[in-house]
1. Considering all projection directions equally, how large on average is the shadow of the alpha-carbon convex hull of segment 1-57, in square nanometres?
2. Leaving ligands and nucleic acids out of the surface, order Y105, Y79 by accessible area at 1.4 Å, largest first.
3. Of I99, I138, I133, which has the most accessible area and how do the rest follow, probe 1.4 Å?
4. Between H221 and D167, how many nm apart are label points set 7 Å from Cα along the C-beta direction?
5. Please name whichever of S233, Y3, Y79 sits farthest to the positive end of the charge dipole of the chain, dipole taken about the Cα centre and charges placed at Cβ: Lys and Arg +1, Asp and Glu -1.
6. With every protein chain present, what is the per residue accessible area of segment 6-198 (1.4 Å probe, Å²)?
7. Loop only by DSSP, 12 or fewer other Cβ within 10 Å of the Cβ. Give me the chymotrypsin sites (Phe, Trp or Tyr not before Pro) in segment 182-248 that pass, ordered by residue number.
8. Kirkwood hydrodynamic radius of the chain from all distinct Cα pairs, in Å?
Amino acid sequence: MAYETIIVEIEDEVALIRLNRPEALNALNATLLDELSSALSEADRNDKVRCIVLTGSEKAFAAGADIKEMSTKSFVEVYAADLFGAQIEAIGRVRKPIIAAVSGYALGGGCELAMVCDFIICAENAKFGQPEINLGVIAGIGGTQRLTRFVGKSKAMDMNLTGRFMDATEAERSGLVSRVVPTAKLIPEALATARKIADKSLIATRAVKEAVNRAYETTLHEGLLFERRTFHSMFATEDQKEGMAAFLEKREAQFRDK
Ligand code: CO8
């Protein structure tokens, strides 16, 4: 399918989705979010895709929601449309793993979009921030909620109240990103990581995603029970038999998602 604001490439069972509005540093407008949510849902349904990488350009993952598009809207308009609610929820429903590969600015909605993904690998030039406060508003798609869970209250308050940017070193130290790589190596590293995940059983990678996300939505007791029952359910799969047999036979496992 042809898109206006994103580019989708599928190779080796990995879908690479690039945000592509260079004239606005990949600012998230309604078209981009519509296209992105449908491309991600399509990748989720596509049997040839087992892992997804979401990225932007070297200068910007995304510099936030599109300020030009939003600036003149009224409360009634944004509330009635539930601005960006449907798209972000659709992205949150994707069951295959999504890696955010962040280079340059990930600000406002850009930082929030990266946090909707399952984990973030960033380049040395990455800058994260929730600068909505400078526009007289607050974060609207997770900057006060997901960021707080990633980096804790003190840093989340600091970022949301001052609008300051966090560099890659601080982002890694704070747990916002899983690793930092040289800027030129970002896409190769993210793709290699995605291929590694694509080699696993898709039943198990989906289950990991569900179980880790459960940690943010329930009590420890309920989360541990969910994890244990999900672990038990793996014994109904051929991939569990194959994975354990391959280990004992000292060979690579050939998973078939069954
Ligand atoms: N929206 C629209 N256009 C943008 C945005 C944006 N967020 N960011 C950059 N652009 C445009 C600029 O207007 C400029 O366009 P033009 O050339 O036509 O003037 C072009 O991109 C290049 O930008 P700059 O010239 O500003 O580039 P610099 O390198 O000088 O600066 C910065 C880069 C620091 C990233 C700067 O562009 C900036 O501060 N951008 C805005 C960052 C920001 O405030 N983001 C938060 C936006 S609000 C938000 O994300 C709310 C999300 C929640 C939605 C809630 C729904 C429920």
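1. Numbers: hull surface 14.5 nm².
Answer in nm², one decimal: 3.6.
2. Values: Y105 75, Y79 160 Å².
Correct descending sequence by accessible area is Y79, Y105.
3. On the way: I99 0, I138 125, I133 70 Å².
Highest to lowest solvent-accessible surface, that is I138, I133, I99.
4. Each label point lies 7 Å from its Cα, and together they span 4.6 nm.
5. The listed residue farthest towards the positive side: S233.
6. Values: 8850 Å² over 193 residues.
For segment 6-198, the solvent-accessible area averages 46 Å² per residue.
7. Working: sites: Y216, F226, F231, F235, F247; in loops: Y216, F235.
Hits after loop and neighbour filter: Y216, F235.
8. Values: mean 1/r = 0.0521 Å⁻¹.
Kirkwood radius, the chain: 19.2 Å.
The values are calculated or read from the model by the stated rules, or taken from the named source; none is laboratory data. Just so you know, these numbers come straight off a predicted model, no measurement behind them. Ideal geometry is used to build each Cβ from the backbone, glycine not excepted, and the neighbour counts take in all protein chains shown. With ligands, DNA and RNA removed, areas are computed over all heavy atoms of the protein, side chains included. Shrake-Rupley method; radii C 1.70, N 1.55, O 1.52, S 1.80 Å.
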